[in-house]
Amino acid sequence: MGSYKDSKDWLPFLEKRDREEEERLVQKIFKRLRGSEEQSRGEWQSERRNDGAGLRGVPFYVAFMHTAEGAKILEINSRPGDPELQTVLPVLKSDFVDLCFRMLEGRLTRVECEAKATVVTYAVPLDYGGCRAKYSGDRRVDLSAAYALQAKEKYGDRLRVYPGSLELREDGQTYALGSRTVCTVGVGETVEEAREISLDGVRNIDGALWNRWDIGSEQHLRRSVRRMRALRAKEREINA
């Protein structure tokens, strides 16, 4: 499991016009949910109102599927996705806490990111996601070597380690629970550079975990590019 983003605001197999189409769809939905200007200017603060009218600015997590007939929406969440959020957190230009306050105050209108690529690689228990039918061995997880890659300034802020479904017990050790255990995020000028940093981080996690190795790989990107070219050819046939 994992995710990635390019240094641009759209993925390597998409074009700027695809991103613009996505934005048009999301803005249309948001404006409809937002309601009137009177509702959106702060009536949510009134103790007499509890119906949620006047949607405030929130980071929409929208899952798109691009087809020969244009972008289609699979799902919408008014919360960040996991692991999609981790691709954005390290490259936010604004302080995340400040963004949260702006959401509460109804002042969030834009979120800006640095022009960097990021790749997220998740390590999960052996009995998660069908890798093993059952695992009854040691579930201790040691993140110290992964953190050392930051502390020794080999990567510094270009590597982030985000613990997930982990439990700190009385013996001072951390143990994997049943879900996504920990992810490493690489930040680079390109997806390839970010991927290498992310994989170096996950390789230095000590524990009975498994992870995918193809997130953001060149082979994956080439396959996605070929698929989008085929869809665009089909789109031209439809519109001819």
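Each value in this text was obtained by applying a stated rule to the coordinates, not by laboratory testing. All of these numbers come straight from a predicted model, not from anything done at the bench. Cβ atoms come from the backbone with ideal geometry, glycine included; neighbour counts cover every protein chain shown.
Points to keep in mind about this one:
- Positive dipole terminus of the chain, leading residue within Thr87, Ser165, Ile76 (C-beta point charges): Ile76
- Over the chain, dividing the summed -39,500 (n - 2.57) contributions of all DSSP H runs of at least 4 residues by the number of residues returns a 222 nm mean residue ellipticity of -10000 deg cm²/dmol.
- For the chain, built as a Gaussian network whose Cα springs stay under 10 Å, the top-fluctuating residue of Lys16, Lys116, Lys134: Lys134
- Separation in nanometres of the label points that stand 7 Å from Cα toward Cβ, at Glu114 and Lys72: 3.8
- Residues Cys183, Cys113, Cys100, arranged from fewest to most other Cβ atoms within 10 angstrom of their Cβ, appear as Cys100, Cys113, Cys183.
- Relative contact order computed over the range 119-240 (Cα-Cα under 8 Å; 6+ residues apart), in percent: 34
- Global form of the range 117-218, assessed from the alpha-carbon gyration tensor, a/c cut-off 1.5: oblate
- Theoretical FRET efficiency, 1/(1+(r/R0)^6), r = Cβ-Cβ of Ala133 and Glu15, R0 45 Å, to 0.05: 0.55
- The distance between label points at Glu84 and Arg34 comes to 2.0 nm (points 7 Å beyond Cα on the Cα→Cβ vector).
- Looking at the range 139-240, the trypsin sites (Lys or Arg not before Pro) that sit in a DSSP loop and have at most 13 other Cβ atoms within 10 Å of their own Cβ are Lys152, Lys154, Arg169.
- Tensor-based shape of the chain (alpha-carbon gyration tensor, a/c under 1.5 rounded, otherwise prolate or oblate): oblate
- Most mobile of Ile215, Ile73, Ile205 in a GNM of the chain (Cα contacts under 10 Å): Ile73
- In the elastic network of the chain, a GNM with C-alpha springs shorter than 10 Å, the most mobile of Gln150, Gln219, Gln86 is Gln219.
- Within the chain: Cβ-based charge dipole about Cα centre, in debye rounded to nearest 20 (Lys, Arg +1; Asp, Glu -1): 700
- 3J(HN,Hα) from dihedral phi, the range 149-159, Karplus parametrisation 6.51/-1.76/1.60, rounded to Hz, x for glycine, proline: 5, 7, 4, 7, 6, 5, 10, x, 6, 6, 10
- Within the straight-line cut-off of under 20 Å between alpha carbons, the aspartates and glutamates reachable from Lys28 are Asp9, Asp18, Glu20, Glu37, Glu38, Glu69, Glu75, sequence neighbours fewer than 8 places apart in one chain being disregarded.
- Under 15 Å from the Trp210 label point (7 Å along Cα→beta-carbon), backbone N, the range 178-198: 179-181
- Between the listed residues Thr118, Asn211, Met228, the Cα displaced farthest toward the positive end of the dipole of the chain, a dipole computed from Cβ unit charges relative to the Cα centre, is found at Met228.
- Only Lys, Arg, Asp and Glu carry charge here, each on its Cβ (+1 for the first two, -1 for the last two); on that basis the range 117-218 has a dipole of about 300 debye about its Cα centre.
- Shown here for the range 114-215: GluC sites (Glu not before Pro) in loop regions (DSSP other than H, G, I, E, B) with at most 16 other Cβ atoms within 10 Å, namely Glu114, Glu153, Glu170, Glu189.
- Applying the Kirkwood pairwise sum to the alpha-carbon positions of the range 166-232 produces a hydrodynamic radius of 14.3 angstrom.
- If R0 equals 25 Å, the separation of the Cβ atoms of Tyr147 and Arg223 corresponds to a calculated FRET efficiency of about 0.15.
- Other-chain or far-sequence residues with amide H under 5 Å of Ala71's (modelled H): none
- Summing +1 for each Lys or Arg and -1 for each Asp or Glu among the other residues whose beta-carbon sits under 15 angstrom from that of Leu126 gives +3.
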